[in-house]
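Visitor: Below is one structure. I have some questions about it.
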Amino acid sequence: MLFSRTGSLFFYSVIATMQPLVWAQTSTLPPARPTSSATMRLKDADEAFRAGSAAYLKNDLRTAHVQFARVVLLAPDVAAGHSAFGTVLLAEGHAQAAVAELDKAHKINPRDAGITLNLAIAYSQLHDSVRAVKTFRLLGQENAEPLNSQAAIAYAAALTATGASAEAFGQLETALKTSPDSAVLHDALGALLAQQKRYDEATAEFQHATSLDASLASAHFHLGSVYLNRNQPAAAVTELAQANDLDKANVAYALQLGRALRADNQDEAALAVLNRTLALDPASIDTKYEIALTLQASEHAHEALPLFEQVTIARPKDFAALTNFGLALVQTGDAKSAIPIYNRALALNAKSATLHEDLGVAYLQQSDLNHAIEQFRAGLALEPNNSQLHYDLGLAFKLKDDTSAAVPEFKQAEELDPQLSDPPYTLGVLYMQLGRFADAQVELERATVLRPDNGEAWAILGNVYKETSQLEKATTALRRAMELMPNQPSPHISLAAILSQQGDHAGALAERKKAADLSRIAVSRQRANFALDSGRALLKKGQVAEAVAQLQSAVDADPKYAEAHSALADALERQGQSAAAALERQKAQQLALVPQAPVNAAPSQP
């Protein structure tokens, strides 16, 4: 994927550093027959040519430009003047204007190999690969000498762009015979190998290039990109960081480093690199997209939304951007807005099973089960062995109370991916609800092996054991659930029933008391969360007094809720009650220092 998206970058990042390859071999214009005005013009042209040549050799491109512009005006029929002016324009980065001058020179003197070569390079810099190849081929007719490294790279890039990869390999290999220690040639050969997914060979070439010239940023970039493409993010970060250090102004290098850091789960470092890049070019859509992806990966999908929106406005037909935008909306609970975004992506590519799955999940979030089922089936038509799609379809059928359709889908998902923990867990719940306790036990035991930290699975398994009179196993499972969900009342209620059945009435009473206490805490947190959300919404609308009242209710409902105290502090600050705000902020900070176990609601069953 990486190389297909940015294939030309591998070659053109090398070409972009080239200087013009050929300079006029004389510092004067050819002599002319003495005539009155013509002689004066040629004399002036010769002086301008000498001045331009001297300036060029001092890298004074501005003066050289002015002087050679005079030359072509004074002597428009002399190839050397157009060639020199074209070479300067090429050095200044004006490839289009350079082509015009070099083409004039070539027409006047088609046998001059230097003019032909510079014209070919100018076409290469314009990415006019067809004309570049045609012009490079003329060199074989005009000049038997092999191309130097830079020219060979430009020729190979043009050949690759026109589909002549075998000939491109030949050009680079021929150049390497002449210059075996050329780092840029090894880098270019590696790039061509990488484009063909010959990654082992490409890696060897890039490593050789960096050993020959450790300061060659493009070789580090290419090597890091290969590592990233081969799912070796740590190695990729090392190489791409070097490339970025060597060429800090190169946006492509910074973006690739950001991707590698994200792949290596270094989201904060990735955001730091990408935000610095955005500061250099605030309008960069590529950078905004990478920042959005990184925020999404680091569970900050809400912050990514405005960036995804900007990207999709700038690129309305970018399938990947639309898909990720839709996903971010679903992640933030706004499936309603996600559905039209997904449908735009679907209009661009209806053959993506992943997109059908994502759209189905959005419909599922909207409780639109029929459309969800339609999308999951469409995805399975494309990928019939997709275990996640079978699971999603089974879940939709279960939510429709169509058990006979749900069970086969869950079983199919389980068979296709035995390491997936959701199918056995959901099947276990379903079998328990149907009174098929033996089947439920098998599935839930499998679920707890696959995901031993699933407290709800342990709690339900404990109840299954209780129903089948396996009381010791039930007690063990329920106590494991309590360890994983210390604030969940239901395992205590189940354990109380078992203890009572065993005659341990004191133990049963203690468990019921714990359950009651936890239930009060859970209800208080629910009330606090409702008031907190309401208060924040009012604060956004500017209704500060109403927000303060709601947030005070949140604090009253759960005095140990640090987030509620912090929000109340913000509201009080906006109301001008700085002292009260400071007091609430201090309470929030003190509570944040105390480890808080999560407050669980009743166990959710799919």
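The values are calculated or read from the model by the stated rules, or taken from the named source; none is laboratory data. For clarity, every value in this text was computed on a predicted model and none was experimentally measured. So basically every Cβ, Gly included, is an ideal-geometry build from the backbone, and we count neighbours across all protein chains shown.
Visitor: Restricting to segment 375-385, what's the tally of residues that are under 24 Å from residue 428 (Cα atoms) and either in contact with a Gly (Cβ under 6 Å, 6 or more places away or on another chain) or buried (at least 22 other Cβ atoms within 10 Å of the Cβ) (or both)?
Guide: Adding up the residues that qualify gives 1.
Visitor: Can you find even one residue in segment 334-349 that is free of Cβ contacts under 8 Å to residues at least 12 places away in the same chain and under 28 Å from residue 421 (Cα atoms)?
Guide: Yes: one or more hits.
Visitor: Of the residues 396, 362, 372, 438, which single one is surrounded by fewer than 24 Cβ atoms within 10 Å (Cβ to Cβ) and not basic (Lys, Arg)?
Guide: Working: 396 fails: surrounded by fewer than 24 Cβ atoms within 10 Å (Cβ to Cβ); 362 fails: surrounded by fewer than 24 Cβ atoms within 10 Å (Cβ to Cβ); 372 fails: surrounded by fewer than 24 Cβ atoms within 10 Å (Cβ to Cβ).
None of the other options fit; the residue is 438.
Visitor: Now for a separate question. Considering each of 380, 364 in turn, give the residue that is modelled with pLDDT under 95, hydrophobic (A, V, I, L, M, F, W, C) and touching a helix residue (DSSP H, G or I) at 6+ places or on another chain (Cβ under 6 Å).
Guide: Values: 380 fails: modelled with pLDDT under 95.
Step by step, each of 380, 364 is checked, and only 364 is modelled with pLDDT under 95, hydrophobic (A, V, I, L, M, F, W, C) and touching a helix residue (DSSP H, G or I) at 6+ places or on another chain (Cβ under 6 Å).
Visitor: Filter segment 117-171 down to residues that are of a type outside the set (D, E, K, R) and free of Cβ contacts under 8 Å to residues at least 12 places away in the same chain, then give me how many there are.
Guide: Going through segment 117-171, the residues of a type outside the set (D, E, K, R) turn out to be 117-127, 129-130, 132-133, 135-136, 138-141, 143-144, 146-166, 168-171.
Restricting the remaining residues to those that are free of Cβ contacts under 8 Å to residues at least 12 places away in the same chain gives 140-141, 144, 163, 166, 170.
Within segment 117-171, residues that are of a type outside the set (D, E, K, R) and free of Cβ contacts under 8 Å to residues at least 12 places away in the same chain number 6.
Visitor: Right, next: Looking at (1) buried (at least 24 other Cβ atoms within 10 Å of the Cβ); (2) of a type outside the set (Phe, Trp, Tyr); (3) closer than 30 Å to residue 231 by Cα, find the lone condition where residue 204 falls short.
Guide: (1) is the only condition that residue 204 fails.
Visitor: Separate question: Within segment 571-606, which residues are over 14 Å from residue 555 (Cα atoms), touching a helix residue (DSSP H, G or I) at 6+ places or on another chain (Cβ under 7 Å) and at pLDDT 75 or above?
Guide: 573, 574, 575, 592
Visitor: If only one of 221, 206 is of a type in the set (Phe, Trp, Tyr), out of contact with any Phe, Trp or Tyr (no Cβ under 8 Å at 6 or more places or on another chain) and either touching a residue at least 60 places away in the same chain (Cβ under 8 Å) or assigned to a helix (DSSP H, G or I) (or both), which one is it? Steps first, please.
Guide: Details: 221 fails: out of contact with any Phe, Trp or Tyr (no Cβ under 8 Å at 6 or more places or on another chain).
After ruling out the rest, the residue left standing is 206.
Visitor: Ok, one more. Which condition number in (1) in contact with a His (Cβ under 9 Å, 6 or more places away or on another chain); (2) in a helix (DSSP H, G or I) is the one that residue 45 fails?
Guide: Evaluating residue 45 over (1) in contact with a His (Cβ under 9 Å, 6 or more places away or on another chain); (2) in a helix (DSSP H, G or I) leaves (1) as the failure.
Visitor: Exactly one condition in (1) modelled with pLDDT under 95; (2) closer than 30 Å to residue 230 by Cβ; (3) out of contact with any helix residue (DSSP H, G or I) (no Cβ under 8 Å at 6 or more places or on another chain) is false for residue 334; which is it?
Guide: Just one mismatch for residue 334, condition (2).
Visitor: Separate question: May I ask you to verify whether residue 441 is more than 30 Å from residue 523 (Cβ to Cβ) and assigned to a helix (DSSP H, G or I)? Reasoning before the result, please.
Guide: Values: more than 30 Å from residue 523 (Cβ to Cβ): yes; assigned to a helix (DSSP H, G or I): yes.
Against the criterion (more than 30 Å from residue 523 (Cβ to Cβ) and assigned to a helix (DSSP H, G or I)), residue 441 qualifies.
Visitor: Please specify each residue of segment 306-319 satisfying the condition of being in a helix (DSSP H, G or I) and either over 23 Å from residue 269 (Cβ atoms) or at pLDDT below 95 (or both). Walk me through it before giving the result.
Guide: From segment 306-319, those in a helix (DSSP H, G or I) are 306-314, 319; that's our starting set.
Those that are in a helix (DSSP H, G or I) and either over 23 Å from residue 269 (Cβ atoms) or at pLDDT below 95 (or both): 309, 310, 312, 313, 314, 319.
Visitor: Still on this model: Given the criteria touching a helix residue (DSSP H, G or I) at 6+ places or on another chain (Cβ under 6 Å), closer than 25 Å to residue 160 by Cα and modelled with pLDDT of 95 or more, does residue 216 qualify?
Guide: So residue 216 passes the test.
Visitor: Here's another thing I want to ask about it. Can you name every residue in segment 324-362 that is assigned to a helix (DSSP H, G or I) and either of a type in the set (Asp, Glu) or at positive phi (or both)?
Guide: We begin by selecting, within segment 324-362, every residue assigned to a helix (DSSP H, G or I); these are 324-331, 335-348, 353-362.
Across segment 324-362, the qualifying residues are 357, 358.
Visitor: In addition: Just to check your reading of the model, which residue among 499, 478, 539 is of a type in the set (A, V, I, L, M, F, W, C) and crowded, with 22+ Cβ neighbours inside 10 Å? Spell out how you get there, then give the answer.
Guide: Values: 499 fails: crowded, with 22+ Cβ neighbours inside 10 Å; 539 fails: crowded, with 22+ Cβ neighbours inside 10 Å.
Answer to the check: 478.
Visitor: If we scan segment 422-435, do we find a residue that is outside any helix (DSSP H, G or I), modelled with pLDDT under 95, in contact with an Asp or Glu (Cβ under 8 Å, 6 or more places away or on another chain) and more than 19 Å from residue 364 (Cα to Cα)?
Guide: So in segment 422-435, the residues outside any helix (DSSP H, G or I) come out as 434-435.
Add one more test, that the residue is modelled with pLDDT under 95, and what stays is 434-435.
When the remaining residues are screened for being in contact with an Asp or Glu (Cβ under 8 Å, 6 or more places away or on another chain), the result is none.
No, every residue in segment 422-435 fails to be outside any helix (DSSP H, G or I), modelled with pLDDT under 95, in contact with an Asp or Glu (Cβ under 8 Å, 6 or more places away or on another chain) and more than 19 Å from residue 364 (Cα to Cα).
Visitor: Yes or no: segment 479-490 includes at least one residue that is touching a residue at least 60 places away in the same chain (Cβ under 8 Å), part of a helix (DSSP H, G or I), outside the structural domain of residue 555 (by TED's automatic domain parsing) and closer than 30 Å to residue 394 by Cα.
Guide: Taking every residue of segment 479-490 in turn, at least one turns out to be touching a residue at least 60 places away in the same chain (Cβ under 8 Å), part of a helix (DSSP H, G or I), outside the structural domain of residue 555 (by TED's automatic domain parsing) and closer than 30 Å to residue 394 by Cα.
Visitor: Output the number of residues of segment 520-535 satisfying the condition of being without any contact (Cβ under 8 Å) to a residue 60 or more places away in the chain, out of contact with any Ser or Thr (no Cβ under 7 Å at 6 or more places or on another chain) and crowded, with 17+ Cβ neighbours inside 10 Å. Show your work before the answer.
Guide: Pass one, segment 520-535, residues without any contact (Cβ under 8 Å) to a residue 60 or more places away in the chain: 520, 523-524, 527-535.
From the residues that got through so far, the ones that are out of contact with any Ser or Thr (no Cβ under 7 Å at 6 or more places or on another chain) too are 520, 523-524, 527-530, 532-535.
After this cut, where a residue has to be crowded, with 17+ Cβ neighbours inside 10 Å as well, the list is 524, 528-529, 532, 534-535.
Residues in segment 520-535 being without any contact (Cβ under 8 Å) to a residue 60 or more places away in the chain, out of contact with any Ser or Thr (no Cβ under 7 Å at 6 or more places or on another chain) and crowded, with 17+ Cβ neighbours inside 10 Å: 6 in total.
Visitor: For segment 159-186, enumerate the residues that are among the small types (Gly, Ala, Ser) and part of a helix (DSSP H, G or I).
Guide: Initial filter on segment 159-186 (among the small types (Gly, Ala, Ser)): 161, 163-166, 168, 170, 175, 179, 182-183.
Within segment 159-186, 161, 165, 166, 168, 170, 175, 183 meet the criteria.
Visitor: Is it true that residue 185 is closer than 22 Å to residue 122 by Cα and either in contact with a Pro (Cβ under 9 Å, 6 or more places away or on another chain) or modelled with pLDDT of 90 or more (or both)? Spell out how you get there, then give the answer.
Guide: Values: closer than 22 Å to residue 122 by Cα: yes; either in contact with a Pro (Cβ under 9 Å, 6 or more places away or on another chain) or modelled with pLDDT of 90 or more (or both): yes.
Criteria met by residue 185.
Visitor: State whether the residues of segment 238-246 include one that is crowded, with 19+ Cβ neighbours inside 10 Å and within 17 Å of the chain's Cα centre (by Cα). Working first, answer last.
Guide: Taking segment 238-246 and keeping what is crowded, with 19+ Cβ neighbours inside 10 Å, we get 239-240, 242-244.
Subset that is within 17 Å of the chain's Cα centre (by Cα): 240.
There is at least one residue in segment 238-246 that is crowded, with 19+ Cβ neighbours inside 10 Å and within 17 Å of the chain's Cα centre (by Cα).
Visitor: Let me ask something additional. With the checklist (1) in a helix (DSSP H, G or I); (2) over 24 Å from residue 589 (Cβ atoms) in hand, flag the one item residue 542 doesn't pass.
Guide: Of everything listed in (1) in a helix (DSSP H, G or I); (2) over 24 Å from residue 589 (Cβ atoms), residue 542 misses just condition (1).
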